[in-house]
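Working notes for the structure below.
Every read-out reported here was derived from the displayed coordinates using simple, explicitly stated rules and does not represent laboratory data. Since the model is a prediction, treat every value here as computed from it, not as a measurement. Here the Cβ positions follow ideal geometry from the backbone for every residue, glycine too, while neighbour counts run over all protein chains shown.
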């Protein structure tokens, strides 16, 4: 079965410290992976994506993510957290069926990032 | 560009009532979709459309209908509201169907069914 797992419901980090939000996936083909952020009472905003190529992907607001095929992971990282980074973060993967990649995104359950001043 | 717009922002219904959640995009995107967001469950796909006149079911389609008469609009209809449909609903669009294009989300509609 295809799935995305975000093992942490909440991540707490002090401002200025590095942050990591974890994501692991399970798909039958080459994964297309995405990170989205949701600020309170807002829709989801795109942060970054991995399709192919360099395993380290850089995105918006200083975020980056590392694709690790052997560990089937796509963790989101930032070297120095800001209080304004506090939000709900979703990992997503493009689904697959017998015909190949589908047009559907499978979302994780989300991780709440809380950055303390 | 306004992007993806949704109306209303908030809605309270009684069990059994029907209503339509509106979604529009001005980016000439082929692909549009509806999700519901529930605590601890992430986003679940309700219905999607790969172009005008074409719709298909997602993961949780029961109790919802959609149509796509134009490229711009993709309304979601609740036929007979139930408390289990209390949720936040997001409309999304992207340029292509089988592409790796970025998906853009609307601001959401918070629906409460009493």
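Any residue at all in region A:75-82 that is surrounded by fewer than 20 Cβ atoms within 10 Å (Cβ to Cβ) and within 11 Å of chain B (Cβ to nearest Cβ)?
Our first condition is that a residue be surrounded by fewer than 20 Cβ atoms within 10 Å (Cβ to Cβ); within region A:75-82, this holds for A:75, A:77, A:79-80, A:82.
Subset that is within 11 Å of chain B (Cβ to nearest Cβ): none.
No: region A:75-82 contains no residue that is surrounded by fewer than 20 Cβ atoms within 10 Å (Cβ to Cβ) and within 11 Å of chain B (Cβ to nearest Cβ).
Give the residues of region A:19-31 that are assigned to a strand (DSSP E or B) and closer than 15 Å to residue A:92 by Cβ, sorted by residue number.
Across region A:19-31, the qualifying residues are A:21, A:24, A:25, A:26.
Need the failing condition index for residue B:37 against (1) in a loop (DSSP other than H, G, I, E, B); (2) within 17 Å of residue B:113 (Cα to Cα); (3) within 12 Å of chain A (Cβ to nearest Cβ), just the number.
(1)
When residue A:21 is evaluated against the numbered criteria (1) in contact with a helix residue (DSSP H, G or I) (Cβ under 9 Å, 6 or more places away or on another chain); (2) more than 17 Å from residue A:106 (Cα to Cα); (3) surrounded by 19 or more Cβ atoms within 10 Å (Cβ to Cβ), which criterion, by number, is the only one it fails?
(1) is the only condition that residue A:21 fails.
Kindly indicate whether residue A:61 is touching a helix residue (DSSP H, G or I) at 6+ places or on another chain (Cβ under 8 Å) and in contact (Cβ under 8 Å) with a residue 12 or more places away in the chain. Spell out how you get there, then give the answer.
Details: touching a helix residue (DSSP H, G or I) at 6+ places or on another chain (Cβ under 8 Å): yes; in contact (Cβ under 8 Å) with a residue 12 or more places away in the chain: yes.
In short, yes.
Can you tell me which condition residue A:34 does not meet? The list is (1) touching a residue at least 40 places away in the same chain (Cβ under 8 Å); (2) within 11 Å of chain B (Cβ to nearest Cβ); (3) not in a strand (DSSP E or B), and all the others hold.
It is condition (3) that residue A:34 fails.
Find the residue count for region B:58-109, including only residues that are surrounded by fewer than 16 Cβ atoms within 10 Å (Cβ to Cβ), within 14 Å of chain A (Cβ to nearest Cβ) and not in a loop (DSSP other than H, G, I, E, B).
0
Whether any residue in region B:10-27 is facing another protein chain (nearest Cβ under 9 Å), within 22 Å of residue A:46 (Cβ to Cβ) and surrounded by fewer than 20 Cβ atoms within 10 Å (Cβ to Cβ) is what I want to check.
So the first thing to find is which residues in region B:10-27 are facing another protein chain (nearest Cβ under 9 Å), and the list is none.
Taking every residue of region B:10-27 in turn, none turns out to be facing another protein chain (nearest Cβ under 9 Å), within 22 Å of residue A:46 (Cβ to Cβ) and surrounded by fewer than 20 Cβ atoms within 10 Å (Cβ to Cβ).
State which residue is nearest to the other protein chains (Cβ to nearest Cβ) when the search covers only region A:1-18 and only residues that are assigned to a strand (DSSP E or B) and within 14 Å of residue A:106 (Cα to Cα).
Step one: of region A:1-18, the residues assigned to a strand (DSSP E or B) are A:3-5, A:10-14.
Subsequent filtering for residues that are within 14 Å of residue A:106 (Cα to Cα) retains A:3-5.
Working: A:3: 11, A:4: 8, A:5: 10 Å.
For region A:1-18, the residue satisfying everything is A:4.
Considering region A:41-58 alone, what residues qualify as being more than 11 Å from chain B (Cβ to nearest Cβ) and either under 21 Å from residue A:84 (Cβ atoms) or surrounded by 20 or more Cβ atoms within 10 Å (Cβ to Cβ) (or both)?
Keep residues of region A:41-58 that are more than 11 Å from chain B (Cβ to nearest Cβ), which gives A:53-58.
Listed by number, the residues that qualify are A:57, A:58.
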